[in-house]
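Student: One structure, as C-alpha cells, below. Some questions next.
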Amino acid sequence: MSDQPSKSSGRYDVLGPHFAARERLLAGAVAAGAAYAVLWFQGIAGPLLVALAWDFGAVIYLLLTWVMMLRSTTEHIARRARLLDISLGEIVALTVLAAAFSLYAAAGVLGAAKAQADFSKALFLAVGVGTIILSWFFVHTLFAVHYAHEFHDEDREEVGKPRGGLDFPGEKQPDYWDFVYFAAVIAMTCQVSDVSVDSRAMRHLVTAHGIISFFLNTVIVALAVGIAASLI
C-alpha cells in the first residue's frame, strides 16, 4: 500500500490546511494572549507575566509544528510546501521578536529573581531559562521548516527555479527531521557538517541563518552571565 496520504484517510490532514504556517503562528499568538489575560487576572504582572505568556505561545506553536513534522512524508512536504511555510523576511522578524523576549526575560525576570525568597527565586530563574530555551527552539524550528520547503517545493519548478540545493548523504529523500538536524548544526556551530550546499538560494539562506545564529548565541551567552550573577 502506498505511503502517500489520501484526502479520505485523514492521516496527514488532522491538522489540515487550517493549521498551515501562519495559522500555527496565529494559534501561538492567541494562546499567548489568552495566557496573558488569565495570568493577569491571577495578579501576575511585569516581566514575569510577559515571559510566561510568550512561553505558552511558543510551546503551542512548537507542539503544532512538531506534530505536523511527525505526520508528514516527503511527498506531503512537496505538495504543501508553500502552504506550510513562511518567507525568510517573516522568519527574520520573528527571530528579532524571540531575541527581544529573551533579553526581556534576562533584564526583567532574572533581574527580579535577586529580590525573591528561595522558592520564588527558583521559579523566576526557571522562567527566565525556559524563555531563553523556548526562544532558541522557536527560531531554529522556523528555519528547519523553511529549509524543508525550499528543498522540496514543487512550485519552484513551475517558475523556473531549481528544487533541492542541499546534498544529504544516503539515497533517501530527506524528511523534516533531516532538516531539523541541518538547522541544529548551523544553530550550534554556525557552520554546516556532512550536508553540502549546492545552490545559490540555499547559500543565501544558510548565510542568513548562520549570521542570525551567531548573534542569537551571543545573546544567550550574555543571558547565561546574567543568570550566574543572579545566583551570587
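Student: So who's got an amide H within less than 5 Å of the one on LEU166, skipping anything under 5 residues away but keeping other chains? H placed 1.01 Å off N, in plane.
Tutor: The list, which skips near neighbours in sequence, is ASP198.
Student: In whole Hz, with x marking every Gly and Pro, tabulate ³J(HN,Hα) for region 124-140 from phi via Karplus 6.51 cos²θ - 1.76 cosθ + 1.60, θ = phi - 60°.
Tutor: Running phi through 6.51 cos²θ - 1.76 cosθ + 1.60 with θ = phi - 60° gives 4, 5, 4, 5, x, 5, x, 5, 5, 5, 5, 5, 4, 5, 4, 4, 7 Hz.
Student: Could you work out how far apart the two model spin labels at THR218 and GLN173 are, taking each label as a point 7 Å from the Cα in the direction of the beta carbon, and quote it in nm?
Tutor: It works out to 4.0 nm between the two label points.
Student: Right, next: Which whole-Hz ³J(HN,Hα) couplings does region 52-65 yield from phi under the Karplus relation 6.51 cos²θ - 1.76 cosθ + 1.60, θ = phi - 60°, glycine and proline marked x?
Tutor: Coupling constants for region 52-65: 5, 5, 4, 4, 5, x, 5, 4, 4, 4, 5, 4, 4, 5 Hz.
Read-outs throughout are calculated quantities, based only on the coordinates presented, and are distinct from any laboratory measurement. Because the structure is predicted, anything quoted here is derived from the model rather than measured. Reconstructed Cβ throughout: ideal geometry from the backbone, glycine too, with neighbour counts over all protein chains shown.
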